[in-house]
1. Name the residue farthest towards the positive end of the dipole of the stretch 98-150 from the options Val120, Gly103, Gly148, assuming +1 on Cβ of Lys and Arg, -1 on Cβ of Asp and Glu, about the Cα centre.
2. Net charge near Ser152: determine it from the other residues with C-beta under 14 Å of the C-beta of Ser152, scoring Lys and Arg +1 and Asp and Glu -1.
3. Counting only other residues whose beta carbon sits under 10 Å from that of Ala64, what net charge do I get with K and R as +1, D and E as -1?
Amino acid sequence: MSLISRICSASNMRKKVAGSRTRLFRVALAWCGDQMLADDLVQETMGLALQKIHQLRDPERLNAWLYSILNNCWKQHLRRYRPHEDLDDERASEEPGPEINVGQMEVVARVRCAVAELPVEQRRVLALVDLEGSTYGEVAEILEIPIGTVMSRLHRARKSLFALLDNSSQESPQQTAALRRVK
């Protein structure tokens with residue numbers, strides 16, 4: 001392989017890594033629930049990926065490689081900073097926005113809150129499979145767990161998420177009725 005083709009290949013890989021930022025951010029946000037922390041994790045992931053791009057054996061598996069790096073960054077963060085509960089949970093503004101987006105914003109907020117209540121391991125699997133469309137095999141490789149564990153965590157996460165969302169919709173029938181009257 002000539003020097004010029006190596007340089008072009010490295011440049012293309014750097015562009016692909018940079019193009020993966022949005023997907024990495026979505027997964028990181030689903031894992032940690034904090035936009036600033038997710039951004040930090042993605043920055044760290046991309047920095048490591050660009051430093052170690054020469055270690056990537058199969059360019060076709062770039063996404064799985066990046067998710068593995070993100071997973072390692074997330075694990076390091078959890079080791080450094082033990083999770084704790086915030087006493088001052090931020091609440092969504094109760095000021096109405098554009099009428100069309102209100103329903104969508106409520107659904108997104110309910111889903112995010114429900115996902116945040118799931119155990120970390122279930123959130124990680126759920127984000128990779130349902131948000132990013134990764135296969136069970138890819139998730140097993142990324143998280144370094146058996147494929148059966150991926151399937152069982154995903155099943156439990158979906159079941160818990162369904163129960164959480166079902167309970168939250170049953171708890172607030174007055175809010176739903178009030179919103180329908182406003183329309």
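Since every read-out is calculated from the coordinates, none of them should be taken as a lab result. What you see is a predicted model, and the numbers here were worked out from it, not measured in a lab. As a convention, Cβ positions derive from the backbone with ideal geometry for all residues, glycine included, and neighbour counts pool all protein chains shown.
1. After comparing all options, I get Gly103.
2. For residues surrounding Ser152, the net value is +4.
3. Taking every Cβ under 10 Å from that of Ala64, the sum is -3.
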